[in-house]
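Reading through the structure tokens given below for one structure.
The values are calculated or read from the model by the stated rules, or taken from the named source; none is laboratory data. Predicted model, so just to flag it, every value in this text is computed and none were measured. Note: ideal-geometry Cβ built from the backbone for every residue, glycine included; neighbour counts use all protein chains shown.
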Amino acid sequence: MTKKKKVKTVGLVADHDSWSAKQRDKNLSLKTDLAKYFASHEFLSFDAAQETDAHILVLPGTTPATVVSNCLKHLNKTTKKGKAFPKTITWYPLGTLIQPIVRTFRMNFPHCASATGMFQFPGDIDYRVEAIVGNETESYLKKTKTRFNLMLMSTFKFDLNTGEAFFNFEPEMHVHKKTLKLQCHHRCLFIDSSKFKSTCGRGPVYTIKHLLANSQIVSLYTNECESNKSIKEQFSKLATKYKFSPCDDISDLTVHQYLRICIVPSGGGTAETLIFRRKVQKTL
């Protein structure tokens, strides 16, 4: 009997024949660098409500799943020995990769159980991309009044010249569009450096303008690469297009809205961060 080929995992479980499984190990080191940096430096930062509860929406994709896995590892690492994790976190996954990650973490580290709340969206599962999709899902997203602390996102390709995001499968495109109307304090878009292409994928599904519409902070996370200079120039032009000005840090969120890009070095270290701000367009 022929043995099935083993698939490497980073706490992820996916159908071996799915698009998601085939993408899981693609550029794995790049995804992991972004996830580790975010978990140790930015998870639940810049958040006025972080002292009590956190509601985190996780969009489909192997990169957001890797981010969640590393965030949970960081929580366990930084929680004092013999003490319970002091905050309450509820995860809202729109994919199927997050549930086993959170459940396994809860079983292994019961002192961090308060960080493993889980909301299950209604809908069907598209196993190609391990996403929860369909009319029920879209209807719920349209009606919900939940305000999220964080939204963890990724995309198939991203055009930095125009700020447009592209995807591969139509059902997930509809779900992504519905999340743009949701109120979210900090939207985090993870784009490994191989994804900056302008000629691939379906769409555009959304633009930077859509991400900014219902959020106070929008952050892009990408990897250090040979195109760093070009990436910074393109991002600066994009920020200027939406009337953002350069600044040194994030301060008064009641007055300003922020647009950022973090360029993460290989293997860890301090990321190079460009920060821009503009006057708040409307009350969130």
TODO: Take Glu164 and decide whether it is touching a Pro at 6+ places or on another chain (Cβ under 8 Å), in contact (Cβ under 8 Å) with a residue 60 or more places away in the chain and farther than 19 Å from Leu44 by Cβ.
DONE: no
TODO: Could you check how many residues of region 233-247 are touching a strand residue (DSSP E or B) at 6+ places or on another chain (Cβ under 7 Å) and surrounded by fewer than 15 Cβ atoms within 10 Å (Cβ to Cβ)?
DONE: 3
Task: Number of positions in region 87-134 that are closer than 22 Å to Val175 by Cα and among the basic types (Lys, Arg) - done: 1
Task: Odd one out for Cys225, checked against (1) in contact with a helix residue (DSSP H, G or I) (Cβ under 6 Å, 6 or more places away or on another chain); (2) over 22 Å from Ile89 (Cβ atoms); (3) not in a loop (DSSP other than H, G, I, E, B) - done: (3)
Task: Filter result (surrounded by fewer than 19 Cβ atoms within 10 Å (Cβ to Cβ) and touching a residue at least 24 places away in the same chain (Cβ under 8 Å)) within region 87-111 - done: Lys87, Thr88, Thr90, Pro100, Thr104, Phe109, His111
Task: Residues (buried (at least 17 other Cβ atoms within 10 Å of the Cβ) and among the acidic types (Asp, Glu)) located in region 141-182 - done: Asp159, Glu164, Glu172
TODO: Identify, from the list Val175, Val218, the residue that is within 25 Å of Asp33 (Cα to Cα), of a type in the set (A, V, I, L, M) and touching a helix residue (DSSP H, G or I) at 6+ places or on another chain (Cβ under 8 Å).
DONE: Val218
TODO: Report yes if Phe43 is aromatic (Phe, Trp, Tyr), over 20 Å from Asp192 (Cβ atoms) and at pLDDT 90 or above, otherwise no.
DONE: no
Task: Unique match (being farther than 20 Å from Thr66 by Cα and over 20 Å from the mean Cα position of the chain (by Cα)) among Glu136, Glu164 - done: Glu136
Open item on the list: For region 248-273: of the residues being hydrophobic (A, V, I, L, M, F, W, C) and either over 16 Å from Arg187 (Cα atoms) or at pLDDT below 95 (or both), which is surrounded by the fewest Cβ atoms within 10 Å (Cβ to Cβ)?
Closed with: Val255
